[in-house]
Structures are given as structure tokens and as C-alpha cells.
1. How large is the dipole of the range 274-410 about the Cα centre if only Lys and Arg carry +1 and Asp and Glu carry -1, each at its Cβ, rounded to the nearest 20 debye?
2. Gap in Å between the Cα centre of the range 87-115 and the Cα centre of the range 178-214?
3. Ranked by Cβ crowding within 10 angstrom, fewest neighbours first, how are Asp115, Asp168 ordered?
4. What pairs in Lys387/Lys407; Lys124/Lys387; Lys119/Lys227; Lys323/Lys378 have C-alpha atoms more than 32 Å from each other?
5. When the distances between all Cα atoms of the range 118-179 are binned every 10 Å from zero, what whole-number percent does each bin get?
6. What per residue convex hull volume, in Å³, do the alpha-carbon atoms of the chain yield?
7. What is the spin-label model distance, in nm, from Asn152 to Tyr362 if the labels are put 7 Å beyond Cα along the C-beta direction?
8. With charges set only on the Cβ (+1 for Lys and Arg, -1 for Asp and Glu), what does the dipole of the chain come to about its Cα centre, in debye to the nearest 20?
Amino acid sequence: MALIKKALFFAVAAVFLYTTIIPNHLLAEVSATIHKGDPSFPDTYEQSRDRFRTYDTVLSKRWSEVSETSIPVSEAENLSIDLLKAEANASKDTLIVLSSGTHGIEGYTGSAMQDLFMKDFAGKLNPDTTGVYLIHSINPWGMKNNRRYNENNVDLNRNFISDWSTFDLNVNKTYKQLENFFEPEKKIGSIVKHDAEFTASLAKTALTVGTDQVESALLTGQYTNPKGVYYGGSRDEKSTVLMKREFNSILETDYKQIIHIDLHTGYGPRYQMSIFSSSAETLTQEEAEAAYSYPLVFTPDSEEYYASTGDLTEYFTALAKEKAPEKTFYSTTFEFGTLGDGTVDSIQSLKRTIEENQLYHYGASSSLSRLIIEGRYKELFYPHENKWRSKATADFSQALTGVLTYKKAL
Ligand SMILES: [Zn+2]
């Protein structure tokens, strides 16, 4: 056993030497270069929002009742959640809801997919029977500041709790146990020293509890450490209040069918977007992949499936069941994998998540360290590679076509 542990430690250390420290200098160069590829992928929050605000004129050509609403989240910083609605002209059969930026920084890819929806799908829908509802940047502060979390360090996709008064904030005990690993309380120094320290800390933690435990302690969300990662908050955040209100009003409409897709990046294989179902999905993985004519659907029976608390699609699904059981309802996540799903990729995701949070709360004494850590984090949620972006676009088209066709909305 001791030998295996020793071997594991050296394997982890070796992997980090080759995957983390060596490419740092390459990454710094990459960050400094401006990449011009598909213009659908925006560079800034403002650019993305300005474009979104032009879509109403496009939809007005086919839908007679179109409205664009901007809900301020912070007046001081000019941040808002933007809503675009087009009501079915004759019979309210289906409403398609497409939301982006629940995890701020993931909103750039989400925005690109909403743009694609406008270019390739809006013209194919039947405006007499189908309504469209696009939601831009549920977490605008996070999008603007390139963070997954919002202005209060809250992960909004862990914040959709039905009733906080009965919710157990101590639900994630493993996170609390590993808090020293997840939250190093110090300023980041030189990048080489920082990377070496992480490797040592990970090896120590992995030997104590195992990497699977570390990953699950993180993904499910935690409610005890406000400066920690994947913190779900202790009450409804402002964006959550607004979205809960919108979800309620959607369920009060006459639409017989509601199809909602929340757009995310990060989890899963790098070049294959996954449809990540809510726990209400009754199809098995194999059945869902056949139904949606799509090669990767995670369903509750999938090995890789995980449930997190306070998830937006789970909340919306439960609310629909309670408030509008007569409607046909489907809410899911489209998840664009970024680094990949191998062990090394998962460790990299974990590392980038932890170090960016450390940087945010405690800063860095070296500007190169800051640049590298911010660059790595951006790549974790918004890869610059053209090949990644064009595959993401193709996958979105294929998956959306599959889902809408199966639901008879296309
Ligand atoms: Zn996400």
C-alpha cells in the first residue's frame, strides 16, 4: 500500500511538472495575443449585451408581439439581466427558453449560442405556434469580471433553493473537512512555488481521502464557507429572486409545452458538448441519445451523472411540477466541456478553480502569477481555440435540432 501511495504521489507530481509548470510561459504568450476567429464569440460583456439588444428587431419580422426588458442588477456598474420575449402569434403550443451566464464567465459561450439560435433557428420556427424567450447573462457581474461566481462570491447554480428555512446549510460535510485544501488563505507568490505547493497539497489530500471524494465534495456545492469555491450562499441572491419570478410567470402563461435550456461550459469531454439532464429525465442515457439523435446525453442512470443542490434547472422543474403539472415541461443543461474529462484534466480543473478563488480573495505578489492564473481560468470556461469554438457551434446546432424535433417544435 505504501508503495502504491508513493507511486501515486510521484505520478501526480510528474503530471504537474509537465502539464502545469512547463506550459505556463506558452500560456502567458497566448493570453497576450488577440485571437480573431468566429465573431459570434464575444470579447466583452458589453459587446455581448449590445448585440443581444438588437435581436428584438429581428424577431419582430415574424412575431407580432416582441418585448425587450433590461433588469438592472447593479446600477453603479451598469449590469443587467436582459430578457427578450416573442409570443406565439396564434396558438400558444410551445415556448422555447434559452438562458445564458448563470455562471458569469460561461456566458460568453452562452451568448455565442444564443446568437447562433437567432441566425439559424429563429427563422425555422413556426411563429404562429411557438414563442421564444431568451435570457442574457443571469450573472452579469461574473460575466463582466470573468468569474463563475457573482458579486457575493455565490455560485448561482447552487443558489436555487426552494425553501431556505428548511434547508440544511451543513449538507456538504466533506467540503468542510477539506476546507484548508480548497481555500489556502494566503497571497499567491511566484508561480513555480505556487504550483509546487498545490501539487504537494493535492498529493497529501488525495492520499487522505481519495480524488473522487475531493471532486464530489466540490461539485455538489457547499453552504458553510462564504470565501470558498462552489459556495451556494445563505439566501436568494438578487439574480435568483429575479429568475424565480420569471420562472413563475412563464408557468402562468398558456403555453402547453415549455422547453428550457441553460447554457454552461466546463464539465465533460473537450470536443463533445453534453446534454446534462435534470433528475426528472425518465429516459435512460441510451434512449435519450436515440431520441435526441445526439451522441452524448447524461441522464440519472449515467455513471458520470451527479446531482448538485440549488441547481437552476432542478428548481424550475420542481416548480413546474408543483404549479403547472398539466404542462409538458423540459428543462436541461447544455454543457460544453473545456479541458476534458480524464483524471489529469479533472485535476487541472480543480487546481484552476481553487487558485482563481485564492487570487480573488488574497491577491498575488507577482503580476506574472496573476496573468497566468487568470489566463488558465479563462481557458477553463472560455477556450480561445478556433477548433473548440467551431465544434461547440456544430454540437449546439445538432443537439438543439435533435431536442426540438423530438419535442415537435421544429
Ligand atoms: Zn456552469
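1. 600
2. Result: 38 Å between the Cα centres.
3. Fewest-to-most Cβ neighbours within 10 Å comes out as Asp168, Asp115.
4. Lys119/Lys227; Lys323/Lys378
5. Pair shares across the bins are 16, 27, 27, 18, 11, 1.
6. 139
7. According to this spin-label approximation, the distance is 2.5 nm.
8. 740
Each value in this text was obtained by applying a stated rule to the coordinates, not by laboratory testing. What you are looking at is a predicted structure, and each value in this text was computed from that prediction instead of being measured. Quick reminder, even Gly has a Cβ in these numbers, built from the backbone with ideal geometry, and neighbours come from all protein chains shown.
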